[in-house]
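The values are calculated or read from the model by the stated rules, or taken from the named source; none is laboratory data. Keep in mind that this is a model prediction, so the values were computed, not measured. Glycine gets a Cβ as well: all are built from the backbone with ideal geometry, and neighbour counts include every protein chain shown.
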Amino acid sequence: GAVVSQHPSWVICKSGTSVKIECRSLDFQATTMFWYRQFPKQSLMLMATSNEGSKATYEQGVEKDKFLINHASLTLSTLTVTSAHPEDSSFYICSAGMDRPLNTEAFFGQGTRLTVV
Amino acid sequence: GENVEQHPSTLSVQEGDSAVIKCTYSDSASNYFPWYKQELGKRPQLIIDIRSNVGEKKDQRIAVTLNKTAKHFSLHITETQPEDSAVYFCAATRANFGNEKLTFGTGTRLTIIP
């Protein structure tokens with residue numbers, strides 16, 4: 001299957017600082033990538049849809065100025081958590097799919113565990 | 001938008017027995033239903049999926065059934081083994097390409113008792 005790589009796999013940052021997470025599709029192009037957040041013992045909640053060359057689409061309740069998304073190429077999307085606070089500590093996962101008819105499988109990155117202290 | 005409900009939230013079964021996890025969805029236009037297995041701290045792994053034009057799909061010990069009329073689908077694991085212990089998520093989407101967002105169920109923590 002296709003490979004999506006996410007970096008870093010874990011990060012610890014101080015409250016008030018910013019953290020950037022990268023999501024790369026290694027062997028296919030993805031015009032759309034998705035960012036999910038998963039709190040302990042909870043499900044994956046979609047935060048935003050990242051669109052190559054245009055603005056991201058955020059889900060209701062997700063602050064676009066706090067979670068900055070950039071999708072500058074067909075293989076890279078980045079999520080920047082700005083002015084991070086302890087309540088932002090979570091597991092962040094990206095996913096991407098191939099832009100082909102009937103090829104509906106979503107490929108997930110390995111996730112980034114963010115801890116804000 | 002789509003809403004997916006999943007039951008039970010926890011499930012314990014004896015090794016060798018079967019496990020069944022059920023999900024319901026709300027959007028009648030959803031046409032793709034994947035199931036994921038997630039181990040602690042890892043990415044979700046696709047274990048089986050089904051499209052709306054199929055009622056049942058099987059892959060060795062794992063099967064999924066879909067009832068479009070009732071808008072529910074189920075995961076069946078037979079001859080369970082300790083390595084089946086994990087959290088399982090169902091999901092639904094209206095997707096013809098691999099670039100549609102998934103709506104996940106709330107998850108089921110499956111524990112296989114040796």
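So the values come out like this:
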item	result
Qualifying positions in region B:29-44 - more than 18 Å from A:PRO40 (Cβ to Cβ), surrounded by fewer than 16 Cβ atoms within 10 Å (Cβ to Cβ) and either modelled with pLDDT of 95 or more or touching a Pro at 6+ places or on another chain (Cβ under 9 Å) (or both)	none
Qualifying strands (runs of 3 or more DSSP E) (wholly inside region A:1-43; at least 2 residues being modelled with pLDDT of 95 or more and closer than 18 Å to A:THR104 by Cα)	A:32-38
Within region A:61-117, strands (runs of 3 or more DSSP E) holding 3 or more residues that are of a type in the set (Gly, Ala, Ser)	A:90-97
Qualifying position, being more than 19 Å from A:PHE108 (Cα to Cα), without any contact (Cβ under 8 Å) to a residue 24 or more places away in the chain and within 11 Å of the chain's Cα centre (by Cα), among A:LEU46, A:LEU68	A:LEU68
Test: residue in region A:59-76 that is facing chain B (nearest Cβ under 9 Å), surrounded by 19 or more Cβ atoms within 10 Å (Cβ to Cβ) and closer than 26 Å to B:ASN3 by Cα	no
Qualifying position, being closer than 24 Å to A:LYS41 by Cβ and away from chain A (no Cβ under 14 Å), among B:THR80, B:THR65	B:THR80
Residues satisfying the stated conditions in region B:72-86, i.e. of a type outside the set (A, V, I, L, M) and either modelled with pLDDT under 95 or buried (at least 16 other Cβ atoms within 10 Å of the Cβ) (or both)	B:HIS72, B:PHE73, B:SER74, B:HIS76, B:THR80, B:ASP84, B:SER85
Selection status of B:VAL64, surrounded by fewer than 21 Cβ atoms within 10 Å (Cβ to Cβ), at pLDDT 95 or above and outside any loop (DSSP other than H, G, I, E, B)	no
Flag for A:SER50 being within 12 Å of chain B (Cβ to nearest Cβ) and in a loop (DSSP other than H, G, I, E, B)	no
Meets criteria (within 13 Å of B:TYR36 (Cα to Cα), basic (Lys, Arg) and over 10 Å from the mean Cα position of the chain (by Cα)) for B:ARG109	yes
